[in-house]
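Please read the structure below before turning to the comments.
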Amino acid sequence: MLLMSDTQNGFSTRLKLVERKHTRLARGYDCKVGTDGLIVFRPKRRKSTFPFRGLALMIIGFFCFKGIVMAQIGTSIYEERVSALRDGPVFQQFGAVIMDADPITIRIAEKVSPLFH
């Protein structure tokens, strides 16, 4: 025998599923027409939340910054200042490791140095 409470519970379950699907579809969806002519809406996949593009732009910007500073003050003075950082406390030593001249920085400094001299 089917009771009213069983029917109500089934309805509540279906309603929760519809609400959940509606929430996912509100974030974006793709629609496709099936072979039977039925239009099916599917939620879009969520993209990565970590901003890899922003991180890459920050790293490129940092290398450009180092290259411009090296081109502006000169390679020898730049190396003197980095070596002075190496003699300081741990935080300055960390800065020396980051600011140390690398091939990318040297190449950027070579390309940009005609603008400063």
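Structure above, values below:
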{"quantity": "Answer from 84, 56 - the residue that is in a helix (DSSP H, G or I), more than 33 Å from the chain's Cα centre (by Cα) and assigned by TED's automatic domain parsing to the domain that holds residue 104", "calculated": "84"}
{"quantity": "Test: residue in the range 92-110 that is surrounded by 13 or more Cβ atoms within 10 Å (Cβ to Cβ), among the aliphatic types (A, V, I, L, M) and in a loop (DSSP other than H, G, I, E, B)", "calculated": "yes"}
{"quantity": "Of all residues making up the range 41-63, the number that are surrounded by 10 or more Cβ atoms within 10 Å (Cβ to Cβ) and over 30 Å from residue 100 (Cβ atoms)", "calculated": "4"}
{"quantity": "Residues that are under 17 Å from residue 64 (Cβ atoms) and in contact with a Gly (Cβ under 6 Å, 6 or more places away or on another chain), drawn from the range 77-109", "calculated": "105, 108, 109"}
{"quantity": "Residue tally, condition touching a helix residue (DSSP H, G or I) at 6+ places or on another chain (Cβ under 9 Å) and at pLDDT 95 or above, over the range 23-63", "calculated": "2"}
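The values are calculated or read from the model by the stated rules, or taken from the named source; none is laboratory data. Note that this is a predicted model, so its numbers are computed, not measured. Glycine also receives a Cβ, built like all others from the backbone with ideal geometry; neighbour counts cover every protein chain displayed.
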